[in-house]
Amino acid sequence: MDRISTTGDIEVSTYLEIAKERRGQRAVSRQQRRRMRETVAVIDFGSQYNMLIARRIRECNVYSEMVPYDASWEKVAALNPKGFILSGGPASVYEDGAPMAPSWVYDKHLPVLGICYGMQTLVHQLGGKVTPTPSHEYGHATLNLSTDSPLWFGLPTSMPVWMSHGDLIVETPPGFSALAYTDNSPVAAMGNDQNIYGMLFHPEVAHTPHGKDIIRNFLFDVCGCKGTWTTSNFISDTMGSLREHVGSGKVVCALSGGVDSAVVATLIHRAVGDQLTCIYVNTGLLRRDEVERNLNTFKQHLRMNVVYADASQRFLGKLQGVIDPEKKRRLVGEEFIRVFEEEASRIGQVHFLAQGTLYPDVIESSTPDSKGSARIKTHHNVGGLPSVMNLELLEPLRSLFKDEVREVGAAMGMPDEMVWRQPFPGPGLAIRIIGEVTQEKLEVLRAADWIVMNEIKKAKLYSELWQTFAVLTDARSVGVMGDHRTYGYVVAVRAVTSDDAMTADWARLPYDLLGRISTRIVNEVPGVNRVVYDISSKPPATIEWE
Ligand code: XMP
């Protein structure tokens with residue numbers, strides 16, 4: 001009989017010792033698994049778009065993680081890398097304190113590809129020459145291939161690429177030759193016979209149409225990868241390690257109604273069945289009908305143990321008189337922890353807390369760039385629940401991007417409605433009501449938001465848009481209805497396209513659709529007499545108004 005399953009009868013200290021021993025064993029087998037996985041590490045020099053490189057690598061079915069440029073070899077070796085890609089970054093190699101590629105990039109004799117700043121650091125460190133140019137090369141350029149290279153396999157000899165740099169390579173390091181040029185860059189790409197390559201342009205962005213082919217050539221023809229990182233391998237590996245890790249322990253998971261927590265819960269449920277209990281908290285800040293729809297999906301379709309806690313009045317009470325967005329976030333976060341803890345304590349002894357932390361959250365809190373960057377909004381409560389509750393954390397999605405999470409959900413047969421659900425912020429409608437949140441305003445916003453959603457779905461645009469919603473502004477405007485003057489709320493409609501919420505563009509919705517949304521809101525939602533459409537992109541705006 002498994003000793004851990006008897007925790008109810010043993011001393012806490014004994015339990016902790018056994019748990020520690022087990023964690024050691026599990027760490028070994030996790031390491032073994034990593035050793036079997038092919039990984040190409042992205043060395044991060046601080047550009048906020050570096051995540052795209054890791055995404056492109058994974059789209060080629062090769063696992064990738066970003067590591068800070070100052071990471072120790074021990075940390076990187078644990079990934080068992082088959083090659084390195086040095087990312088772009090804002091620095092210039094001749095500046096004081098400019099970040100450089102660590103020595104292990106060169107010592108390990110693995111393939112290397114430097115992109116933009118990554119190439120410049122290679123040139124600088126290996127004895128070539130980088131100089132600043134009076135004019136930056138920014139935007140589209142035509143790349144002309146000057147010689148054969150494994151990187152160019154299957155590509156045309158001339159192609160559009162995206163440039164974004166201020167420094168030029170004027171001399172390649174000894175042993176390297178130029179592989180391509182543009183009008184402004186005599187050395188736009190270089191390579192040597194040790195499998196070290198560099199390119200000034202950005203293959204990871206959509207503006208370089210053959211960029212993914214170049215990355216694929218590097219992964220398969222230079223690094224020798226086979227492309228074994230697939231959704232089904234991820235699911236089976238993760239379920240295996242979850243079973244091993246959880247043993248006969250009990251797990252709690254907070255369901256938000258969003259895809260991340262639903263996929264986490266489904267994976268864990270598949271792995272350990274009813275050892276998982278989910279807690280679904282109604283904050284009173286959800287959209288119309290959302291509670292019923294979510295409970296139905298969790299219970300009927302996914303057949304999970306779900307504890308439902310209706311705490312809407314508690315949240316509303318906490319938010320009374322609060323207008324500052326960050327205060328709203330904090331209060332909602334804190335109250336959520338309180339309700340969650342109360343519900344969890346009723347379940348009995350619990351060992352693990354499952355969370356839908358994704359890879360972008362992990363990177364945000366670990367890249368060199370994030371060390372000094374200002375916090376725009378406190379989005380995530382990552383770490384809040386576990387530190388308070390003293391439970392071991394399970395984060396099976398921490399290596400995935402959002403689109404990969406959706407793929408995992410779809411592959412596990414989760415309902416489309418859940419898998420393709422647009423993101424919804426934790427503080428919910430509280431940060432879509434500008435100013436104080438009241439029951440009356442919540443009702444107005446729910447009604448307007450329902451119409452936006454309904455029309456967007458009818459127009460079959462829901463899954464093409466990253467987010468669509470209504471905002472209840474704190475502006476009032478004068479209107480006329482019948483022969484009467486009105487003085488009512490102004491509702492803003494927001495619809496954005498995005499890949500990852502880091503950047504977003506306002507959606508060019510058809511005028512007819514916008515017209516229908518506006519007419520319906522003004523006619524059907526009492527108290528609203530004006531609708532505006534938000535045409536700001538991110539940056540400089542953000543997706544949410546608060
Ligand atoms: P912004 O407004 O920063 O939003 O462009 C980017 C994405 O994050 C979501 N968001 C939040 N999610 N808690 C959350 O769980 C929050 O406080 C929060 N604020 C914004 C937003 O909906 C968008 O998807």
Phe401 meets each of (1) at pLDDT below 90; (2) surrounded by fewer than 19 Cβ atoms within 10 Å (Cβ to Cβ); (3) within 18 Å of Ala54 (Cβ to Cβ) with one exception, condition (2)
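Test Asp237 against the stated conditions and say whether it is out of contact with any helix residue (DSSP H, G or I) (no Cβ under 9 Å at 6 or more places or on another chain), surrounded by fewer than 18 Cβ atoms within 10 Å (Cβ to Cβ) and not in a strand (DSSP E or B). Spell out how you get there, then give the answer.
Numbers: out of contact with any helix residue (DSSP H, G or I) (no Cβ under 9 Å at 6 or more places or on another chain): no; surrounded by fewer than 18 Cβ atoms within 10 Å (Cβ to Cβ): yes; not in a strand (DSSP E or B): yes.
Criteria not met by Asp237.
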Is it the case, given these coordinates, that Asn184 is surrounded by fewer than 19 Cβ atoms within 10 Å (Cβ to Cβ), touching a strand residue (DSSP E or B) at 6+ places or on another chain (Cβ under 6 Å) and outside any strand (DSSP E or B)?
yes
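Which residues, counting only those in region 454-469, are within 13 Å of the ligand (Cβ to nearest atom) and open to solvent by 80 Å² or more (accessible area, probe 1.4 Å)? Even if it seems obvious, please write down each step before you answer.
Step one: list which residues in region 454-469 are within 13 Å of the ligand (Cβ to nearest atom), which gives 465-469.
Passing the criteria: none in range.
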Unique match (being within 16 Å of the ligand (Cβ to nearest atom), touching a residue at least 24 places away in the same chain (Cβ under 8 Å), over 24 Å from His301 (Cβ atoms) and not polar (S, T, N, Q)) among Leu472, Leu442:
Leu472
Can you tell me which of (1) under 27 Å from the mean Cα position of the chain (by Cα); (2) loosely packed, with under 15 Cβ neighbours inside 10 Å is the one Val339 doesn't meet?
(2)
Within region 94-103, restricting to residues that are of a type outside the set (Gly, Ala, Ser) and surrounded by fewer than 18 Cβ atoms within 10 Å (Cβ to Cβ), the one that is modelled with the highest pLDDT is Met100
The one condition Ala448 fails out of (1) assigned to a helix (DSSP H, G or I); (2) within 13 Å of the ligand (Cβ to nearest atom) is (2)
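Given the condition within 16 Å of the ligand (Cβ to nearest atom) and on the phi > 0 side of the Ramachandran plot, answer yes or no: does some residue in region 510-529 qualify? Full working, then the answer.
First, the residues of region 510-529 that are within 16 Å of the ligand (Cβ to nearest atom): none.
No, region 510-529 has no match at all.
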Contact list, first residue from region 523-546 and in a loop (DSSP other than H, G, I, E, B), second anywhere and more than 16 Å from the ligand (Cβ to nearest atom), beta-carbon distance below 7 Å, six or more apart or interchain, is Val525/Val444; Val525/Ala447; Val525/Ala448; Gly527/Val444; Gly527/Gly488; Gly527/Tyr489
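Yes/no per residue for (1) touching a Gly at 6+ places or on another chain (Cβ under 9 Å); (2) open to solvent by 20 Å² or more (accessible area, probe 1.4 Å):
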| position | (1), (2) |
| --- | --- |
| Thr133 | yes, yes |
| Tyr138 | yes, yes |
| Met159 | no, no |
| Met163 | yes, no |
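Looking only at region 369-391, which residues are crowded, with 16+ Cβ neighbours inside 10 Å and either modelled with pLDDT of 60 or more or not hydrophobic (A, V, I, L, M, F, W, C) (or both)?
We begin by selecting, within region 369-391, every residue crowded, with 16+ Cβ neighbours inside 10 Å; these are 369, 380-382, 385-386, 389, 391.
Once the filter is applied, which keeps residues that are crowded, with 16+ Cβ neighbours inside 10 Å and either modelled with pLDDT of 60 or more or not hydrophobic (A, V, I, L, M, F, W, C) (or both), region 369-391 yields Asp369, His380, Asn381, Leu385, Pro386, Met389, Leu391.
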Matching residues in region 426-440 (buried (at least 22 other Cβ atoms within 10 Å of the Cβ) and out of contact with any Ser or Thr (no Cβ under 7 Å at 6 or more places or on another chain)) number 6
How many residues are farther than 18 Å from Ala206 by Cα and part of a strand (DSSP E or B) if we restrict to region 149-172?
6
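Would it be correct to say that Val478 is away from the ligand (no atom under 16 Å from the Cβ), open to solvent by 20 Å² or more (accessible area, probe 1.4 Å) and modelled with pLDDT of 95 or more? Working first, answer last.
Numbers: away from the ligand (no atom under 16 Å from the Cβ): yes; open to solvent by 20 Å² or more (accessible area, probe 1.4 Å): yes; modelled with pLDDT of 95 or more: yes.
In short, yes.
Inspect region 317-330 for any residue being assigned to a helix (DSSP H, G or I) and open to solvent by less than 10 Å² (accessible area, probe 1.4 Å) and give the result as yes or no.
So in region 317-330, the residues assigned to a helix (DSSP H, G or I) come out as 317-319, 325-330.
Now narrow it down to the ones that are open to solvent by less than 10 Å² (accessible area, probe 1.4 Å): 319, 328.
Scanning region 317-330 turns up at least one residue that is assigned to a helix (DSSP H, G or I) and open to solvent by less than 10 Å² (accessible area, probe 1.4 Å).
May I ask you to verify whether Tyr533 is away from the ligand (no atom under 16 Å from the Cβ), surrounded by 15 or more Cβ atoms within 10 Å (Cβ to Cβ) and of a type in the set (Ser, Thr, Tyr)?
Numbers: away from the ligand (no atom under 16 Å from the Cβ): yes; surrounded by 15 or more Cβ atoms within 10 Å (Cβ to Cβ): yes; of a type in the set (Ser, Thr, Tyr): yes.
Criteria met by Tyr533.
If you take the residues of region 407-425 that are assigned to a helix (DSSP H, G or I) and in contact with a Lys or Arg (Cβ under 9 Å, 6 or more places away or on another chain), which of them is most open to solvent (accessible area, probe 1.4 Å)? Give the steps one after another, and end with the answer.
Step one: filter region 407-425 for residues assigned to a helix (DSSP H, G or I), giving 407-411, 416-419.
Still in the list and also in contact with a Lys or Arg (Cβ under 9 Å, 6 or more places away or on another chain): 417, 419.
Working: Glu417: 90, Val419: 0 Å².
Looking at residues that are assigned to a helix (DSSP H, G or I) and in contact with a Lys or Arg (Cβ under 9 Å, 6 or more places away or on another chain), I get Glu417.
Could you tell me which residue of region 490-509 is farthest from the ligand (Cβ to nearest atom), considering only residues that are open to solvent by 20 Å² or more (accessible area, probe 1.4 Å) and more than 23 Å from Gly428 (Cβ to Cβ)? Outline the logic, then answer.
Within region 490-509, the subset open to solvent by 20 Å² or more (accessible area, probe 1.4 Å) is 497-503, 505-506, 508.
This time we only want the ones that are more than 23 Å from Gly428 (Cβ to Cβ), so: 499, 503, 505, 508.
Working: Asp499: 12, Thr503: 9, Asp505: 12, Arg508: 19 Å.
Applying the filter and picking the extreme gives Arg508.
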Among residues of region 245-265 being outside any loop (DSSP other than H, G, I, E, B) and not β-branched (Val, Ile, Thr), the residue farthest from the chain's Cα centre (by Cα) is His245
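The values are calculated or read from the model by the stated rules, or taken from the named source; none is laboratory data. It should be emphasised that the depicted structure is a prediction, and the values quoted were computed from it without experimental measurement. Cβ sites come from the backbone with ideal geometry, for glycine too, and all protein chains shown count toward neighbours. Keep in mind that these areas ignore ligands, DNA and RNA; they rest on the heavy atoms of the full protein, side chains included. Shrake-Rupley method; radii C 1.70, N 1.55, O 1.52, S 1.80 Å.
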